[in-house]
Amino acid sequence: MFTLTLRDFQDARARIDAHITRTPVLTSRQLSELTGFDVRLKAEMFQRVGSYKIRGPLNKFALMPEEQKRRGVVCSSAGNHAQGVALAARIHGIRAVVCMAENATRSKIAATKAYGAEVVLHGRIWDEANEKAKELVRTEGLTYVHPFDDEQLIAGQGTLGLEIVQDWPEVDAVVVPIGGGGLISGVAMAVKGHNPRIQVIGVESSDGPAMKLSVETGRLETIDCRTVIDGLRVQRVGEITFSVVQRFVDEVVALPDRDIFDAMLWVMERCKLVVEGAAAAPVAAMLHGLVRLPAGARVVGVLSGGNVNLDQLRGLTWN
Ligand SMILES: Cc1ncc(COP(=O)(O)O)c(C=O)c1O
């Protein structure tokens, strides 16, 4: 069964060290007062590309055989994964192709191109773009980079957990958003490698709780996913990530999109940090009492990214 040790994360961290930012773990007096815990926030929106998503691809490409690197890589995503793969590939001198649906946001296409990737627009939904990516694997020999269900990718994403325990070794619990489960898989194994008693709590949208349902039924479920929060939107989590979550995650909680959006604004207003929806999910869970721990518990919420479209703020009259 796929399991990584603290040493594996230390090795991955060393492999990617030169190319990432060490993001801070910030205190939050307001969140601490409201919850009764000692809350700190891992501010990963300050990471290169604006989210943790560069960590995994950097680790994967550092381990990739030269022959595969020469042929290049492909992924399908209109979000953070695209930008993480694009910049990591450029750093490693690898050709990267990103497949997106034809209706992808112009700014996301532009950002991905700016990081040096070739963007191929195909189909109207992610599944169709993904089919195109698979076709390029067959026809051009590119290596497919999965957004979450990949062992080397999980090792890279988990370096975020390693940094948490290095910066706050006494931490009691870590609260992490879940989409396909790649981030929490890495973080859970890393923090439990440091201290198996650290609680790991995952947060999903109840408008698309693919992991929570799978954990409850004990098998991989495919759901009708209605969340509009892109980092949390999957119909089915991964085989690897499901197995890791079953073994290393203590609890998965879920709350509706609207509560997560409220928390997004709460973090922006109170903490002065720009977070995207997925990143606000751990704070939402804390504000709604879904994180049940003894008073005074030392808790880290992972603010996993800050790539949110703030266009709606334009044109407002300020006072
Ligand atoms: C900002 C952000 N947070 C959390 C997640 C969820 O990560 P995972 O799919 O590895 O569970 C994503 C996924 O895209 C994301 O972009």
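What follows draws every value from the coordinates through simple rules; no lab data is involved. As the structure is a computational prediction, the values presented were derived from the model and not from experiment. We place every Cβ from the backbone using ideal geometry, glycine too, and count neighbours over all the protein chains shown.
A few points about this structure:
- Members of the range 277-306 found to be crowded, with 24+ Cβ neighbours inside 10 Å and assigned to a loop (DSSP other than H, G, I, E, B), listed by number: SER304
- Verdict on ALA62 being in a helix (DSSP H, G or I), more than 10 Å from the ligand (Cβ to nearest atom) and surrounded by 21 or more Cβ atoms within 10 Å (Cβ to Cβ): no
- Among the residues of the range 182-204, those that are within 11 Å of the ligand (Cβ to nearest atom) and farther than 18 Å from PHE9 by Cβ comprise GLY202, VAL203, GLU204.
- Some residue of the range 3-11 being surrounded by 24 or more Cβ atoms within 10 Å (Cβ to Cβ) and in a helix (DSSP H, G or I): yes
- Taking the criterion of being part of a loop (DSSP other than H, G, I, E, B), among the β-branched types (Val, Ile, Thr) and surrounded by 15 or more Cβ atoms within 10 Å (Cβ to Cβ), the residues of the range 12-42 that qualify are ILE20, THR23.
- In the range 267-319, the residues that are out of contact with any helix residue (DSSP H, G or I) (no Cβ under 9 Å at 6 or more places or on another chain) and of a type in the set (Val, Ile, Thr): THR317
Listed here are the residues, each with its yes/no results for (1) within 18 Å of GLY179 (Cβ to Cβ); (2) in contact with a helix residue (DSSP H, G or I) (Cβ under 9 Å, 6 or more places away or on another chain); (3) without any contact (Cβ under 8 Å) to a residue 12 or more places away in the chain; (4) among the hydroxyl-bearing types (Ser, Thr, Tyr).
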{"site": "HIS92", "(1), (2), (3), (4)": "no, yes, no, no"}
{"site": "VAL98", "(1), (2), (3), (4)": "yes, yes, no, no"}
{"site": "ASN103", "(1), (2), (3), (4)": "no, no, no, no"}
{"site": "GLU140", "(1), (2), (3), (4)": "no, yes, no, no"}
{"site": "HIS146", "(1), (2), (3), (4)": "yes, yes, no, no"}
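- Among the residues examined, ILE198 qualifies as within 19 Å of ALA285 (Cα to Cα) and more than 14 Å from the chain's Cα centre (by Cα).
- Boolean, ALA155 is crowded, with 24+ Cβ neighbours inside 10 Å, in a helix (DSSP H, G or I) and over 13 Å from the mean Cα position of the chain (by Cα): no
- Among residues of the range 65-80, those that are assigned to a loop (DSSP other than H, G, I, E, B) and either without any contact (Cβ under 8 Å) to a residue 12 or more places away in the chain or among the hydroxyl-bearing types (Ser, Thr, Tyr) (or both), counted: 2
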